[in-house]
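The values are calculated or read from the model by the stated rules, or taken from the named source; none is laboratory data. A quick note: this is a predicted structure, and the numbers were derived from the prediction, not measured. Cβ placement follows ideal geometry from the backbone for every residue including glycine, while neighbour counts extend to all protein chains displayed.
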Amino acid sequence: MTERATATPRRRESLSEVAASSPHPERRAPRGVWARSALKHAVLIVAGVGMLYPLLWMLSSSFKPNDVIFREPGLIPSAIDLSNYPDGWTALLHPFSHYLLNSTIIVAGAVVGNLISASLAAYAFARLNFRGRGLWFAIMLISIMLPIHVIIVPQYVLFSELGWINTFLPLVVPKFLATDAFFVFLMVQFFRGIPKELDEAARLDGAGHGRIFFQIMLPLSLPALATTAIFTFIWSWNDFFSQLIFLTSPEMYTVPIALSTFVDSTGQSSWAALFAMSIVSLIPVFFVFLFGQKYLVKGIATTGIK
């Protein structure tokens with residue numbers, strides 16, 4: 001018993017000595033690697049705080065009295081005024097919910113229109129063989145380079161002749177005609193990454209282009225469709241120039257135009273109410289981006305894979 005009891009500690013010591021003298025001991029990262037990693041994260045944190053500071057300042061200013069917003073530029077308010085939100089909600093000719101509803105109608109129509117038209121046009125460019133396909137695709141890409149200020153005057157003349165000024169039609173109908181070439185190009189790149197063997201197998205089963213499009217291409221292109229929907233929502237919700245041109249009466253105003261009416265050229269602007277309603281207008285964009293972020297990243301990543 002004594003020999004066995006003394007043999008066990010010796011065996012443990014020998015095992016520890018062997019592990020210590022092993023040619024592959026546990027490796028630790030050099031101090032330089034840790035220093036570079038800490039520096040990189042510090043720079044990213046500082047950059048992130050710098051980008052978030054205007055939003056945080058606007059959020060803080062929405063709880064400040066109107067006369068101390070620019071006298072106290074800090075993030076922590078010395079006095080809190082919760083009346084800015086109800087005052088801003090009813091400060092304009094209509095309640096702010098009226099402008100939120102107008103923006104929602106335009107955004108919903110734009111999202112549906114881009115999803116339908118961009119996917120159909122992209123399927124034609126990616127899967128159909130027709131005369132002049134390369135030429136029309138090049139023209140479509142060239143249209144991406146045209147700024148909105150170049151085409152806004154012909155559009156205004158056209159929509160004025162149709163009697164569409166001061167309606168939502170100029171902001172919604174073009175979306176059903178695949179006028180946003182960026183989303184068509186995005187969907188084309190995604191469709192080209194889907195193997196054509198799936199189309200051939202479907203044709204052997206007697207499927208036509210309609211069945212291939214709805215039962216094969218669309219289910220496989222959900223990331224690209226989500227990316228299109230998210231970008232369309234954000235761009236249409238924040239669009240100010242086009243809505244200012246085509247919407248002339250206060251009843252048709254959207255959120256961006258309504259926010260601009262808080263600013264008075266005489267200097268009597270309601271900054272506190274403006275900041276409060278700006279925070280309210282950012283809530284839909286925040287939640288759309290929050291819940292659609294994974295689809296957005298996946299759609300952009302898979303679109304670039306060949």
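So, in segment 241-258, how many residues would count as being of a type in the set (A, V, I, L, M, F, W, C) and outside any helix (DSSP H, G or I)?
Of the residues in that region, 1 qualify.
For (1) among the β-branched types (V, I, T); (2) surrounded by fewer than 19 Cβ atoms within 10 Å (Cβ to Cβ); (3) touching a residue at least 12 places away in the same chain (Cβ under 8 Å); (4) within 30 Å of P174 (Cα to Cα), each residue gets a yes or a no:
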{"site": "R71", "(1), (2), (3), (4)": "no, yes, no, no"}
{"site": "L82", "(1), (2), (3), (4)": "no, yes, yes, no"}
{"site": "S97", "(1), (2), (3), (4)": "no, yes, no, yes"}
{"site": "L101", "(1), (2), (3), (4)": "no, yes, no, yes"}
{"site": "I106", "(1), (2), (3), (4)": "yes, no, yes, yes"}
{"site": "G113", "(1), (2), (3), (4)": "no, no, yes, yes"}
{"site": "S119", "(1), (2), (3), (4)": "no, no, yes, yes"}
{"site": "Y123", "(1), (2), (3), (4)": "no, no, yes, yes"}
{"site": "F130", "(1), (2), (3), (4)": "no, yes, no, yes"}
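Does at least one position in segment 240-262 carry a residue that is buried (at least 17 other Cβ atoms within 10 Å of the Cβ) and at pLDDT below 90?
yes
Let me spell it out: the conditions are (1) within 21 Å of P250 (Cα to Cα); (2) free of Cβ contacts under 8 Å to residues at least 60 places away in the same chain; (3) not in a helix (DSSP H, G or I), and L93 meets all of them except one. Which number is the exception?
Going through the list (1) within 21 Å of P250 (Cα to Cα); (2) free of Cβ contacts under 8 Å to residues at least 60 places away in the same chain; (3) not in a helix (DSSP H, G or I), L93 breaks only (2).
Counting only residues that are closer than 11 Å to F63 by Cβ and of a type in the set (D, E), how many does segment 77-100 have?
Count: 1.
Exactly one of these conditions fails for V150: (1) at pLDDT 90 or above; (2) over 23 Å from the mean Cα position of the chain (by Cα). Give me its number.
(1)
Out of F233, F214, I need the residue that is among the aromatic types (F, W, Y), loosely packed, with under 15 Cβ neighbours inside 10 Å, in a helix (DSSP H, G or I) and under 29 Å from the mean Cα position of the chain (by Cα). Which one?
That would be F214, the only listed residue that is among the aromatic types (F, W, Y), loosely packed, with under 15 Cβ neighbours inside 10 Å, in a helix (DSSP H, G or I) and under 29 Å from the mean Cα position of the chain (by Cα).
Please go through (1) closer than 27 Å to L247 by Cβ; (2) surrounded by fewer than 18 Cβ atoms within 10 Å (Cβ to Cβ); (3) touching a residue at least 40 places away in the same chain (Cβ under 8 Å); (4) not acidic (D, E) for L59 and return the number of the only condition it doesn't satisfy.
Answer for L59: the failing condition is (1).
Can you pull out the helices (runs of 4 or more DSSP H) entirely within segment 122-203 that have at least 2 residues that are closer than 18 Å to L218 by Cβ and in contact with a helix residue (DSSP H, G or I) (Cβ under 9 Å, 6 or more places away or on another chain)?
181-192
Tell me, yes or no, whether segment 278-294 has at least one residue that is modelled with pLDDT of 80 or more, surrounded by fewer than 19 Cβ atoms within 10 Å (Cβ to Cβ), in a loop (DSSP other than H, G, I, E, B) and of a type outside the set (V, I, T).
No, because not a single residue in segment 278-294 is modelled with pLDDT of 80 or more, surrounded by fewer than 19 Cβ atoms within 10 Å (Cβ to Cβ), in a loop (DSSP other than H, G, I, E, B) and of a type outside the set (V, I, T).
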